[in-house]
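A quick write-up on the structure given underneath.
The values are calculated or read from the model by the stated rules, or taken from the named source; none is laboratory data. Everything numeric in this text was worked out from a predicted model, so none of it was measured. Methodologically, a virtual Cβ is constructed for each residue, glycine included, from the backbone with ideal geometry; neighbour enumeration extends over all protein chains shown. Please note that ligands, DNA and RNA were not included when accessible areas were found on the heavy atoms of the full protein model with its side chains. Shrake-Rupley method; radii C 1.70, N 1.55, O 1.52, S 1.80 Å.
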2 protein chains.
Amino acid sequence: MDAKSAEQSVHRNASERGLPPRERILLAARALFARHGVHGIGVDAIAEAAGTNKMTLYRHFESKDLLVAEYLRGLTVETSAIWCELETAHPDDPLAQINAWLCRIAHHAEHGNESGCALASASMQITDPAHPGRKVIEAHTRQHRDKLIQLCRASGLAEPEQLADQLFLLVEGSRATWQTVGDDHPGAALATLAAGIIASHRR
Amino acid sequence: MDAKSAEQSVHRNASERGLPPRERILLAARALFARHGVHGIGVDAIAEAAGTNKMTLYRHFESKDLLVAEYLRGLTVETSAIWCELETAHPDDPLAQINAWLCRIAHHAEHGNESGCALASASMQITDPAHPGRKVIEAHTRQHRDKLIQLCRASGLAEPEQLADQLFLLVEGSRATWQTVGDDHPGAALATLAAGIIASHRR
DNA sequence: ATTAAATGTTACTACTGGGTAACATCGAGT
DNA sequence: ACTCGATGTTACCCAGTAGTAACATTTAAT
């Protein structure tokens, strides 16, 4: 009980009290889904962490599955925003965008919070093919791979499609193994490993 | 009901009736955990699929969590057996072992059944750090990576540790994205992608 | 045949979790 | 002041699930 109430107050701080309940619920869901998994937390705990109750939650979201889908959608738009940010930071330099993206993933992974990791995690937790979150994940995954292919093509490196898939799987693999192994996990050197692959595609 | 009884009979066929109940339960658990996820199926359904009941299940396994751990342990010994098999098939040829392993993964992934995939999947479904299956997964993951590093070192390729981690993440990534994308998933070309990386490590 | 161990059967407890109904309360706008 | 919409509160229902108790049944060993 002590731990629960403490965590609750933490999340209540995190969900700035000025926000409307829907946003607070999404913030709480984001934190709790990421920490405990999509199946590891109940709507009651989410509502409580958001400083509200189950009824208002169900007035804003038809079901828990749709709340999960909305949570996943939020993660996808966040990663899309990161790509846009990288594009403006390194205009007309696709290789720099890729490198910055890799560094960002490695850095964020060190701190444990990485939206792509949460997406990959949820993707393997949702076993039901009819879950509304599945199409969100699938669409994002496809779009993400296409983005990588496009950047690799524009970078002028050799065999861009193959390079894109290699980087894609490398990153997904690091996300998957992130929580299984400890500090010496292979994902820590993600940037180095990716750099090696990229270098091998230099003409 | 029809679907359920049909599935039940299928699994009852799969669990050869001559086997002792413990083995039948493990077989059923293997099938159902892989299909529905560790949290997506109950002990009752497993016992029924094994042609027995919940009581005998609990006479052989202390709890569901320990049954899950035993299921995971079975997956790990299976993958270890595969490595042994590859070693005898290609003695004193570590590179051939690695290649055969990659082909095997790609081939098994086509048919949907791959023990490593089930391990990776379960790893992301078990969010509780105290779950008895966690240490099984962690031990296996470490051992698996060590095996890869050892083989890469023995293969005489350049930067063997880096190559091992690249291949490791590549495979884990393909396992993670296996169920998210369809037929044109990047994991289908896993062997090709890995071959490219291996080639880039040729001296 | 008898015994003992393993297994089957039924029924039950306790708990969790998704989802809803009814009513109370508050807050802003008229 | 009044109203109406959004929110809070409480109390439920229902289904599923982990786990157990008690007793019946089979099976094999002696």
Checklist line | Sum of -39500 (n - 2.57) over DSSP H runs of 4+, divided by residues of the protein assembly as shown (222 nm, nearest 500) | finding: -24000 deg cm²/dmol
Check: Between copies, how close do the residue B:195 label points come, placed 7 Å along Cα→Cβ, listed in nm from shortest?
Finding: 3.0
Check: Interface A/B, total buried accessible area with a 1.4 Å probe, nearest 100 Å²?
Finding: 3200
Notebook entry, point to check: Using a simple spin-label model with points 7 Å from Cα along the Cα→Cβ vector, what separation in nm is obtained for residue B:107 and residue A:111?
Noted result: 4.7
Check: Leaving out ligands, DNA and RNA, what percent of the accessible area of the stretch B:97-200 is carbon and sulfur, probe 1.4 Å?
Finding: 52
Checklist line | Per-residue average of Cβ from other chains inside 10 Å of A:158-170 | finding: 6
Next item on the list: Would you please name the GluC sites (Glu not before Pro) within the stretch A:44-73 that are DSSP coil residues with at most 12 other C-beta atoms within 10 Å of their C-beta?
Entry: A:62
Checklist line | Two-site FRET efficiency, residue B:63 against residue B:138, from Cβ-Cβ distance with R₀ of 25 Å, rounded to 0.05 | finding: 0.80
Checklist line | Inter-copy label distances at residue B:146 (7 Å, Cα→Cβ; nm, one decimal) | finding: 4.5
Check: At a Förster radius of 56 Å, what calculated FRET efficiency corresponds to the Cβ-Cβ distance of residue B:22 and residue B:192, to the nearest 0.05?
Finding: 0.85
Next item on the list: Partner chain Cβ atoms within 10 Å, averaged over the residues of A:37-45 - can you pull that number for me?
Entry: 2
Checklist line | Shape of the stretch A:91-203, Cα gyration tensor, a/c cut at 1.5 | finding: oblate
Checklist line | Relative contact order (%) - chain A, alpha-carbon pairs under 8 angstrom, separation at least six | finding: 18
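Would you work out if the protein assembly as shown is rounded, prolate or oblate? Take a ≥ b ≥ c from the square roots of the eigenvalues of the alpha-carbon gyration tensor; rounded if a/c is under 1.5, else prolate when a/b is larger than b/c, oblate otherwise.
On the way: a/c = 1.90, a/b = 1.05, b/c = 1.81.
Because a/c hits 1.5 or more and a/b fails to exceed b/c, the protein assembly as shown counts as oblate.
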Margin query: How much accessible area per residue does the protein assembly as shown have, counting only protein heavy atoms and a probe of 1.4 Å, in square angstrom?
Written below: 47
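Averaged over peptide A:112-125, how many Cβ atoms belonging to another chain are found within 10 Å of each residue's Cβ?
Working: counts 0, 0, 0, 0, 0, 1, 0, 1, 5, 5, 1, 6, 14, 9.
Mean shielding count: 3.
By average Cβ neighbour count within 10 Å, what is the ranking of B:190-201, B:80-91 from highest down?
Listed from highest to lowest mean packing, they are B:190-201, B:80-91.
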Next item on the list: Give the relative contact order (percent, whole number) for the stretch A:65-133; include only Cα pairs under 8 Å separated by 6+ residues.
Entry: 53
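If the chain between residue B:85 and residue B:53 were fully stretched, how many nm would it gain, using 0.36 nm times the residue separation less the Cα-Cα distance? Walk me through the numbers before you get to the answer.
Values: separation 32, 0.36 × 32 = 11.52 nm, distance 3.58 nm.
Separation in residues times 0.36 nm, less the Cα-Cα distance, equals 7.9 nm.
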Note to self: Under the convention of a label 7 Å out along Cα→Cβ, give the distances in nm from residue B:22 to the same position in every other copy, shortest first.
What the structure shows: 5.6
Notebook entry, point to check: Rounded if a/c is under 1.5, else prolate if a/b is larger than b/c, else oblate: which is chain B, with a ≥ b ≥ c the root eigenvalues of its Cα gyration tensor?
Noted result: prolate
